[in-house]
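Notes follow the structure.
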Amino acid sequence: MSAPAIPAPAPAAPAPPPVETLTVKVNGKTLQVPKTHPDWQGKPQPTTMLQAARCGGVDIPHYCYHDKLPIAGNCRMCLVEFGTLMMDPATRKPILNEDGTPKISKSVLPYEPGTPRGAISCATPISPGMEIYADSPATKQMRESVLESLLINHPLDCTICDQAGECKLQEYSVEHGQAGSHFVEAKVHKPKAVDLGPRIVLDDERCILCTRCIRFTKDIAGDDALGIVNRGSYNTISAFQTGKFDNNYTLNTVDLCPVGALTSKDFRFKMRVWFLKETKSLCTGCGTGCNITVGSREGIIHRYEPRENDAVNGPWMCDTGRLNYKWIGRPDRLTEVRVNGQKVTWATAVKDIGSRLIRASSGSVALIASARQTTEELFLLKSLATRLGAVTDSVPREGEADHLLVNADRNPNTNGTRLTGIAFTEAGMQLPLIAAGIEAGTIRTLIVFGEDVTKHGIGPELLAKLEMLVVSDILPNATTAVATHLLPGASHAEKRGTFISVKGRLQKLTKAVESPGDARAEWEFLHELVHDVTGRNGFTSIEGLFNLMARETPAFAGLEWANIGDKGVDVKI
Amino acid sequence: MSTKVVARAPLTFYERTYLPTILSGLKVTAKHFTDTVFRGKTVTMEYPEERWVVPEGYRGAPYLVKDQEGAIKCVSCQLCEFVCPPKAIRITPPGADGAPADRTNAEKMPKEFEINMLRCIFCGMCQEVCPEEAIFLQKDYSLTGESRAEMIFDKAKLLKLGGTHGGVQKWKHKLEGAKAQEVFPV
Amino acid sequence: MEFLQYLSPSTQFVLFSALKIFAVFGVVMTAVAYAVLVERKVSAWIQNRVGPNRTAPFFINYLPVIGPFLVRLGIFQPMADGLKFLLKEDFTPNYVRKVYFWIAPAITVIPALMTVAVIPFGSTLGTEKMVIADLNVGILYTFGIVSLGVYGIVLAGYGSNSKYPFLGSIRSSAQMISYEIPMGMSVIPIFLVAGSLNLGDIIRYQAEHGWMILKQPVAFVIFLIAAFAETNRLPFDLPESESELVGGYHTEYSSMKLALFFLGEYANMIASSAMMVTLFCGGWTLPFVTALSTPSSSILIGLLHIGVFFAKMALFMILFIWVRWMLPRFRYDQLMDIGWRRFIPAALINIVVTALVVAFLHD
């Protein structure tokens, strides 16, 4: 066999214990499926028909079921026809047909034995020898009927619905629904555009009452805020207990909502989802390193969405991180390379900095990097600092942690500063020393990347004493205002690179949008600068740069860019 | 063998003098000449003064229309922008804090709606895809301008040129239905 | 006018010749311009169209009735066309052979205009003969000059350094050389009959003995068809056949240089028409009217003679235009076949027969 070259597997973990399996048939195909599957809390539970079908590559449509939520079984969308082994009551052995195959008794209504009876596949465990008919005419008919009832009171206002394009109701109507409806009665009108919370809008008419949002808020977010009020056709979702739906995870209900009932106020009427280019990236709000998908169109970022990664964030992310994208498109972004206030080209600026740094005496240079920068950039800065004999440090950023995702360390790459050697022990220890060095006149050149040092003990009066102040940042601040060499950088959505989370997960960023004006990814010009100063020719691609770093940094031993994957790898911290 | 060779009929001496060809040519040209000069039968149209009767179903320039009550019908669903093969349509959605829609229940309408008539190929896909019957290919076939910028028609211009198109007022019916059920039985 | 008589005869000759040259040149140029208009109008009418009917100077609005009528006839179109040709960018493509490319249009126009010199376009006006050069070998001069016209076309095709002009000019040279032979042979019987090579004498002969078209119909037909071929008009427009060769020899030309080719083509048509009027249709004379068939005694009659000549010429021009829409283009081998295998023998036989008849009748 001419199989493509597969990278050598990671050092083999101890072989997992053999999985107990059951034999079932899905659409006539015999499968061995594990006896148990993890539930929303990760505890093993008997495998359900839906999970068994999924093992066989058959997706059974569902609304209320979600891998990471408790099972409710109320939408009835996953109804399937099935059959079980016919048992001899006396011997407890399967009854066989004449040709030796076991006899199957199809599920039927107990009081009407000729009529097939479905079971909700999301909550019915499998039994040995079970047969699941996910495509049978009876199953199809059940799906059609369920969809028809779900749509009885649906307003069919897809044209003004933000969910359109990623709506399960639309998708299943196309795949499994029927064109017409038997219902001629007037539709029940429910409240529209209800202000459910500061970030959420609720449209009750569109709601199919799957209770995913209720279960998430109660069981995952731990804030029992939502519930269903009123009866029958007038069921509505409501923040009935506290009257407000305002925890830090509310926007996850928008992702969970299979229809357009819960929509984000931030994304409301902003862009149709089918225009969005989806780029895999990372949230930089804290040290957790949640995986996200950046939705952008023509260089404008419209939203972040969590990207499922069970090793880091599961399918969730916090509201603060999700809404933390607007600064990227701010009109006051730094877009010009400036030397002593004059606009110059990149080549001029980098050459100028390089020639000055070469002449600087050892110990007269200090370097303050940011733990918001990619590991590759920190590595380049460190090699620059090593050549110059410079003091290096980064700035700590602490906040309050919560029970779910938010970490106390608000820097996305603190471990990157540690592993590259920018801040070996604790970030911020060297800052007073640098301030003292400037005061004393021993440090005459300061290189600052991505931080406003005036807020961290090195005030403007100290900065004024410097001969050269190289600053690279994204947005203007008090430090960029006094820089002799100002280099506009790129935000994390505009470049590639890696971050290392507080738990030591090394993960990739992907470029979603272009940088404005002359702004450039830091690693690109740093690579040139390092070449000018140290004479070392690095790599012009991020892949090469990462592989070089991995070879030279013990913590990354054996890693290659190509092997990181979309969900990252663990490194020793 | 599917080809059959047919012998060319030999020409008579009279035909070989070219005279019959010349005479028939003269006959045809003379007929048309007299038709034009003495009977005034021409096949051409004196364009700017004489106008062509645009047939039903003609696909001219696409314009936005308003409903019977003068409200903008477009709800900014952006399906036309999506379907437009030459990417001539560009819609700026209202965003969360946009102006309220003319029709209460429709919730939104476009902040800006531009059609680049230089890119438009008059295929009619926007009209076909529009779920709100808000855009129609109308009978304008002579689109001229002095600059490229002038040929990008904005919302105001498109609505002015588009005029009114009645049809089912579904959002109004929804609103009326909702009002009828105002007494909310709990 | 008294002072004229005190000038020497040679000075008078130069003065009057110059005057006639300018007058004829102006008239031919105007005729060319309006021939284009007539061509466009007649073509339009034959095709059930209207033709040019828009161009008008601003003051035409002040003329009641007549103004709009003139505009509909397209009277002002030639001026606009001429202006357009003058104002267009004179573009010389890269890789052309510049000298030939520039000289070719001039070589096409000059012989066409020079032919007109020997045509007697009227009897006399006062004491002046209405011909620029009253040569005894007028017809030989014409043939000599006309055969130069082909060089312009060949040079245009060669100088353009491009495949379509090249093919056009190759065809043109073969075609024009082929048809000069029957054309030249077809007029020999005329001189046999008239007994002179001077065109004025031929007209005088026709006034007395009846038109040559009746006496020499074979010669007329050969001359007429050869004239079509010589002027590159349909059905013999192979050198510039649009459907095959884009524009033929003038594909690469633009602006005034292109206009010169058109000028040459129409001037050739005018010259051919004038030759046919002179040789076969009695020139400025009209039969059955004594005043019109003898040299004029007054200025008025003299002018009338010129008018008759131009009217006859215009009829031939319309024939040229009309035939364009009557017949499709000949195939190249047919063209050559007619020229070499039909017309040359026919012309030869015609010469022999005429010579025999003239010889026997005179005795």
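Here are a few things to note about the model shown:
- Condition met for A:Gln170 (more than 14 Å from chain B (Cβ to nearest Cβ) and either out of contact with any Leu (no Cβ under 7 Å at 6 or more places or on another chain) or in a loop (DSSP other than H, G, I, E, B) (or both)): no
- Residue within region A:496-512 that is in the same structural domain as A:Lys382 (by TED's automatic domain parsing), assigned to a strand (DSSP E or B) and at positive phi present: yes
- Meets criteria (touching a helix residue (DSSP H, G or I) at 6+ places or on another chain (Cβ under 7 Å), within 29 Å of A:Tyr304 (Cβ to Cβ), in contact (Cβ under 8 Å) with a residue 40 or more places away in the chain and not acidic (Asp, Glu)) for A:Leu506: no
- Number of residues in region B:154-168 that are within 14 Å of chain A (Cβ to nearest Cβ) and among the polar types (S, T, N, Q) equals 0.
- Just one of the listed residues (B:Met109, B:Met125, B:Met117) is farther than 30 Å from A:Leu156 by Cβ and buried (at least 16 other Cβ atoms within 10 Å of the Cβ), and it is B:Met117.
- Qualifying position, being surrounded by fewer than 17 Cβ atoms within 10 Å (Cβ to Cβ), assigned to a loop (DSSP other than H, G, I, E, B) and of a type in the set (Asp, Glu), among A:Asp266, A:Asp224: A:Asp224
- Which listed residue is in a helix (DSSP H, G or I), out of contact with any strand residue (DSSP E or B) (no Cβ under 6 Å at 6 or more places or on another chain) and not polar (S, T, N, Q), from C:Val28, C:Val50: C:Val28
- All positions within region A:224-262 that are closer than 12 Å to A:Val201 by Cα, touching a strand residue (DSSP E or B) at 6+ places or on another chain (Cβ under 7 Å) and either within 10 Å of another protein chain (Cβ to nearest Cβ) or not polar (S, T, N, Q) (or both): A:Ile237, A:Phe245, A:Leu251, A:Val254, A:Ala261, A:Leu262
- Just one of the numbered conditions (1) closer than 24 Å to C:Val109 by Cα; (2) without any contact (Cβ under 8 Å) to a residue 12 or more places away in the chain is not true of C:Val36: (2).
- Neighbours by Cβ (under 6 Å, 6+ apart or cross-chain): first from region B:146-175, at pLDDT below 90; second assigned to a helix (DSSP H, G or I): B:Trp171/B:Asn105; B:Trp171/B:Ala106; B:Lys174/B:Asn105; B:Leu175/B:Thr104; B:Leu175/B:Asn105
- Scope region C:143-176; condition farther than 14 Å from C:Leu238 by Cα and aliphatic (A, V, I, L, M); matching residues: C:Ile145, C:Val146, C:Leu148, C:Leu155, C:Ala156
- Some residue of region A:142-157 being within 14 Å of chain B (Cβ to nearest Cβ), touching a Ser or Thr at 6+ places or on another chain (Cβ under 9 Å) and either surrounded by 16 or more Cβ atoms within 10 Å (Cβ to Cβ) or among the hydroxyl-bearing types (Ser, Thr, Tyr) (or both): yes
- Filtering region B:77-130 to residues that are facing another protein chain (nearest Cβ under 9 Å) and of a type in the set (Phe, Trp, Tyr) leaves only B:Phe82.
- Residue in region A:285-301 that is over 20 Å from A:Asp402 (Cα atoms), within 14 Å of chain B (Cβ to nearest Cβ) and assigned to a helix (DSSP H, G or I) present: no
- Looking at A:Asp402, A:Asp393, just one residue is acidic (Asp, Glu) and buried (at least 24 other Cβ atoms within 10 Å of the Cβ), and that residue is A:Asp393.
- Meets criteria (closer than 30 Å to B:Lys170 by Cβ, in the same structural domain as A:Arg92 (by TED's automatic domain parsing) and among the basic types (Lys, Arg)) for A:Arg143: yes
- Scanning region A:346-378 for residues that are without any contact (Cβ under 8 Å) to a residue 40 or more places away in the chain and either in contact with a strand residue (DSSP E or B) (Cβ under 8 Å, 6 or more places away or on another chain) or not hydrophobic (A, V, I, L, M, F, W, C) (or both) yields a total of 4.
- Residues located in region A:280-304, provided they are over 13 Å from the mean Cα position of the chain (by Cα) and without any contact (Cβ under 8 Å) to a residue 40 or more places away in the chain: A:Arg297, A:Glu298, A:His302
- Within region C:166-207, the set of residues being surrounded by fewer than 24 Cβ atoms within 10 Å (Cβ to Cβ), of a type in the set (D, E, K, R) and either touching a Ser or Thr at 6+ places or on another chain (Cβ under 6 Å) or closer than 17 Å to C:Asp337 by Cα (or both) comprises just one member, C:Glu180.
- Filter result for B:Glu133 (within 29 Å of A:His189 (Cβ to Cβ) and either more than 14 Å from every other protein chain (Cβ to nearest Cβ) or surrounded by 13 or more Cβ atoms within 10 Å (Cβ to Cβ) (or both)): yes
- Flag if C:Ala355 is under 21 Å from C:Val131 (Cβ atoms) and either surrounded by 15 or more Cβ atoms within 10 Å (Cβ to Cβ) or modelled with pLDDT of 85 or more (or both): no
- Qualifying residue in region A:66-80 (condition: more than 28 Å from A:Lys168 (Cβ to Cβ), out of contact with any Phe, Trp or Tyr (no Cβ under 8 Å at 6 or more places or on another chain) and not hydroxyl-bearing (Ser, Thr, Tyr)): no
- Residue match in region C:28-38 (condition: within 14 Å of chain B (Cβ to nearest Cβ) and surrounded by 13 or more Cβ atoms within 10 Å (Cβ to Cβ)): yes
- Taking region B:35-70 as the range and being within 14 Å of another protein chain (Cβ to nearest Cβ) and out of contact with any helix residue (DSSP H, G or I) (no Cβ under 7 Å at 6 or more places or on another chain) as the test, the residues that pass are B:Asp35, B:Phe38, B:Arg39, B:Gly40, B:Val43, B:Thr44, B:Met45, B:Glu46, B:Tyr47, B:Pro48, B:Glu49, B:Glu50.
The values are calculated or read from the model by the stated rules, or taken from the named source; none is laboratory data. None of these values were measured; they are calculated from a predicted model. Backbone-built Cβ (ideal geometry, glycine too); neighbour counts: all protein chains shown.
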